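Take a look at the structure set out below.
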Amino acid sequence: MSTKIPTKAVYLDYSATTPVDPRVAERMSGCLLTDGAFGNPASRSHVYGWEAEELVEEARTHVAALFNADPREIIWTSGATESDNLAIKGVVEASGGERVVTSSYEHKAVLDTCAHLESLGLDVTYIEPDAGGIIQPEAVADAIDPDTAIVSVMHANNEIGVVNDIRAIGAVCRERGVPFHTDAAQSVGKIDIDVRRDNIDLMSVSGHKIYGPKGIGVLFVRRQPFLSVAPQIHGGGHERGMRSGTLATHQIVGLGEACVICRGELDRDNGENRRIRSLRDRLWSHLRQVPKTLLNGDEEQRLPGNLNVSFGDVDGDTLLTALDDLAVSTGSACTSATVEPSYVLKALGVPDDLAHASIRFTVGRYTTTDEVDYAARRVATTVEKLRAARV
Ligand SMILES: *Cc1c(COP(=O)(O)O)cnc(C)c1O
């Protein structure tokens, strides 16, 4: 047996965050020191500013090209959390609308934003996913009424990896004249997105889910017809007034490079997503042989790197503790401070005991076959051991 297994732990948590690609880190480091493009992109009176501004605008075209947007439709933010906040609060505030339509299994950045709006007196309709974890476009159509200011439905779910048909959901919204926002933090760069074809009006993107740095993201805002978004951070009027604050040149350049790399992989016949999908399938082909395992979420309509599995007849906490050499997650990383069964799995109707003993494995750019085989063996033997100890 070859043992190319990292000493820390095998990293199978690419949906929580990714390491920065070395090509990205190299571009970023060119924007920091005295001999690099450290200037303020908003400085109009000297070459340091011009140089930084040029890099920022170049990165804007790279990000836009990844999903067929116009560079002028890209608003830099600090990450998908801020983008979700800006999209939903910004459109609600600018439109004066009274209802938000969303789904019950959104990321907390959307759910908590909606809860805040409810506390201010707005109505929020939460659509439930079907048993496969999919939000049906018909359910969105039924939820929209004349007071609806915005529909926000995520593209791919961060926990179970299911992928919604955003083109159909977008079409439903467009027919009814309601702006459609989608949180695409998990899907951008992994699934081909075209904001025009897919009827998207606003879209959230995060740098650190696609081998870019943390602390940078994008909100795509459709330009035509004009869509008004009220700023949520006021200041120097950057980003067409929608988001003030000095632009973080190094982060932006990093995200731009990360998008160039993803575009290249998506366009290549034999791009990384095929490899990632086959590693995921390999992991599942091992794990499904363990008795009483259940795949959560639709088997076909899911992200290439995601596997979310429930194990019957084991205690979830004990299982995770025993698997201390695997970096995996239960529930979503952002909520793992609370030890309640995952609200996403609950929304799918997975019973509490099964939801407790569920693990999300996410593989990515640097995952190897050895790591997948090692993880599968560790999980299988640990589950068997814990079950044997129970009786
Ligand atoms: C990671 C993630 C976010 C948060 O993104 P940040 O850039 O970390 O703020 C939001 N939505 C989804 C679906 C995510 O996976």
Next item on the list: Can you run down the residue pairs with Cβ atoms below 6 Å, 6 or more apart or on separate chains, where the first is in the stretch 89-111 and more than 16 Å from the ligand (Cβ to nearest atom) and the partner is open to solvent by 10 Å² or more (accessible area, probe 1.4 Å) and part of a helix (DSSP H, G or I)?
Entry: V101/A143
Notebook entry, point to check: Mind checking which residues of the stretch 28-68 are surrounded by fewer than 14 Cβ atoms within 10 Å (Cβ to Cβ), more than 30 Å from the chain's Cα centre (by Cα) and part of a helix (DSSP H, G or I)?
Noted result: V47
Check: Inside the stretch 82-134, can you point out the residues that are buried (at least 20 other Cβ atoms within 10 Å of the Cβ), of a type in the set (G, A, S) and under 25 Å from I233 (Cβ atoms)?
Finding: S83, A87, G90, A109
Next item on the list: For the stretch 159-177, enumerate the residues that are part of a loop (DSSP other than H, G, I, E, B) and open to solvent by 10 Å² or more (accessible area, probe 1.4 Å).
Entry: D165, G177
Notebook entry, point to check: Of the numbered conditions (1) over 20 Å from G245 (Cα atoms); (2) in contact with a helix residue (DSSP H, G or I) (Cβ under 7 Å, 6 or more places away or on another chain); (3) within 16 Å of the ligand (Cβ to nearest atom); (4) of a type in the set (A, V, I, L, M, F, W, C), A64 satisfies every one except a single condition; which is it?
Noted result: (3)
Next item on the list: Output the residue which, of all residues in the stretch 187-203 that are open to solvent by 10 Å² or more (accessible area, probe 1.4 Å) and in a loop (DSSP other than H, G, I, E, B), is nearest to the ligand (Cβ to nearest atom).
Entry: K190
Check: Which residues, counting only those in the stretch 229-269, are closer than 21 Å to R44 by Cβ, touching a residue at least 24 places away in the same chain (Cβ under 8 Å) and not hydrophobic (A, V, I, L, M, F, W, C)?
Finding: G236, H238, E239, R240, R243, T246, T249, H250
Check: Quick check: is even one residue across the stretch 246-263 within 16 Å of the ligand (Cβ to nearest atom), open to solvent by 10 Å² or more (accessible area, probe 1.4 Å) and either touching an Asp or Glu at 6+ places or on another chain (Cβ under 7 Å) or part of a loop (DSSP other than H, G, I, E, B) (or both)?
Finding: yes
Notebook entry, point to check: Of all residues in the stretch 207-245 being more than 23 Å from G177 (Cβ to Cβ) and among the aliphatic types (A, V, I, L, M), which is most open to solvent (accessible area, probe 1.4 Å)?
Noted result: I233
Next item on the list: For the stretch 346-362, name all the residues that are open to solvent by 10 Å² or more (accessible area, probe 1.4 Å), within 18 Å of L320 (Cα to Cα) and either assigned to a loop (DSSP other than H, G, I, E, B) or not aliphatic (A, V, I, L, M) (or both).
Entry: D352, D353, H356
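The values are calculated or read from the model by the stated rules, or taken from the named source; none is laboratory data. Here the structure is a predicted model, which means the values were calculated and not measured. All Cβ positions, glycine included, derive from the backbone under ideal geometry; neighbour counts span all protein chains shown. Please note that ligands, DNA and RNA were not included when accessible areas were found on the heavy atoms of the full protein model with its side chains. Shrake-Rupley method; radii C 1.70, N 1.55, O 1.52, S 1.80 Å.
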